[in-house]
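The structure appears right after this line, and notes come after that.
Every number in this text was worked out from the coordinates using simple rules, so none of it is lab data. The shown structure was predicted, so the numbers you read here are calculated from the model rather than taken from an experiment. Here the Cβ positions follow ideal geometry from the backbone for every residue, glycine too, while neighbour counts run over all protein chains shown.
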Number of protein chains: 2
Amino acid sequence: MKARIDQIKNELHTQSYKLTPQREATVEVLLENEEDHLSAEDVYLLVKEKAPEIGLATVYRTLELLNELEIVDKINFGDGVSRYDLRKEGANHSHHHLVCIQCGSVSEIEEDLLGDVERKVEEEWIFKIKDHRLTFHGICSRCQTEQGTEAETPSLKAAR
Amino acid sequence: MKARIDQIKNELHTQSYKLTPQREATVEVLLENEEDHLSAEDVYLLVKEKAPEIGLATVYRTLELLNELEIVDKINFGDGVSRYDLRKEGANHSHHHLVCIQCGSVSEIEEDLLGDVERKVEEEWIFKIKDHRLTFHGICSRCQTEQGTEAETPSLKAAR
DNA sequence: GTATCTGCAAAGAGTTTGCAGATGG
DNA sequence: CCATCTGCAAACTCTTTGCAGATAC
């Protein structure tokens, strides 16, 4: 994790972006919550704990920047907010997501499931694939056993 | 198409929703533009040609209703707008999309490519899949040949 | 030193909602 | 008839932007 943060700092340097404390704190928050698909607001609140003077606009600007540098993926689960998901080191494809329509939890699948599918699409539709988004909506294992559990992740409003 | 519209009307009836001229016009527009991934605004402008008195709010309400009845899918390609995509007759899974990052065009893949993948996910992650969203981002066949074509679909702002 | 970055507040875009009047069944 | 639906405008939410002062390099 130490290594990863230095790597990101380095990436900023190389592209001659300044490494401000705000950007540093934002990256730290993203690393500390890698599993969590945070919205800009979520990130803002967490960064505020480290750097109380930060403004929401700066968080948006930083996330935007990190998205352009392909350090995070901006994703969207159909509720009204963008979420920001750290790319795995060296990954050039976004990973997949399982969104539970009962409790709202989101989990990740690292494994690349689309190798065969992509080969087929590139060939049959003559489409040069650069990235993909794959999300499954359904019932997570916990909700399948624990009947009738209510929303656990209030920040994820039900996809309308 | 005549059949499909009656089927949708029937669906509304069955659920005891009223069949107003506004709803009828909206459904017609969706059917006439099945290929087009219209935004609410797009739908509004098209419906206005048939029924000039309609309000944008009604379009939103109708699209929302059709989404709940699973007649349309509300989808999101990462630009700021929701798009509404008519489900194919009898389809219980959303189809797939190819979004060109050069010209912004969106095309569809009807074929279900995810059979094997879904079986694997359900088994290994113990996740009961109800629906999926699969979008590929890349270069469409036309842009691969015609070098440097500019945005053709101005309504699809580049995903930020 | 100075181009870049920041916080703030205001603006913008998309979507939702409250309400009073209209209307489909 | 009357519950549901509509148009309008205002409200709301998320995100972006303009600006003047601050700061990394």
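The HN-Hα couplings worked out from phi for the range B:15-21 by the Karplus form 6.51 cos²θ - 1.76 cosθ + 1.60 (θ = phi - 60°) are 8, 6, 9, 7, 9, 8, x Hz, whole numbers, x standing for Gly and Pro.
Basic side chains Lys and Arg get +1 at the Cβ, acidic Asp and Glu get -1 at the Cβ, and with that the dipole of chain B about its Cα centre reaches some 460 debye. Using C-alpha pairs below 8 Å separated by at least 6 residues, the relative contact order for chain B is 20 percent. Only Cα pairs under 8 Å and 6+ residues apart enter the sum, and on that basis the relative contact order of the range B:1-89 stands at 27 percent.
Here the residues A:R142, B:R83, ranked from fewest to most Cβ neighbours within 10 Å of their Cβ, fall in the order A:R142, B:R83. Phi-derived couplings, Karplus 6.51 cos²θ - 1.76 cosθ + 1.60 at θ = phi - 60°, listed residue by residue for the range B:107-112: 10, 10, 10, 6, 3, 7 Hz, with x used for Gly and Pro. Working from label points 7 Å from Cα in the Cα-to-Cβ sense, the B:S141 to B:S16 distance is 5.0 nm. Among the GluC sites (Glu not before Pro) within the range B:57-145, those in coil by DSSP and having at most 10 neighbouring Cβ atoms inside 10 Å are B:E89, B:E110.
For A:D112 and B:Q7, a Förster radius of 35 Å and the Cβ-Cβ distance give a FRET efficiency of 0.35, rounded to the nearest 0.05. Comparing A:L45, A:S16, A:T58 along the charge dipole axis of the range A:1-89, the residue lying farthest to the positive side is A:S16, per the Cβ-charge model. For A:K50, the lysines whose Cα comes closer than 28 Å to its Cα, not counting residues fewer than 8 places off in the same chain, are A:K2, A:K9, A:K18, A:K74, A:K88, A:K157.
The mean count of C-beta atoms from other chains within 10 Å of the C-beta of residues in B:118-130, rounded to a whole number, is 5. Amide H to amide H distances under 5 Å link A:K130 with B:H137, B:G138, B:I139, where only residues 5 or more positions off or on other chains count and H is placed in the peptide plane.
Give me B:V81, A:V106, A:V43 sorted ascending by neighbouring Cβ count inside 10 Å, so fewest comes first. Mind dumping the intermediate values first?
On the way: B:V81 16, A:V106 20, A:V43 25.
Fewest to most other Cβ atoms nearby, the residues stand as B:V81, A:V106, A:V43.
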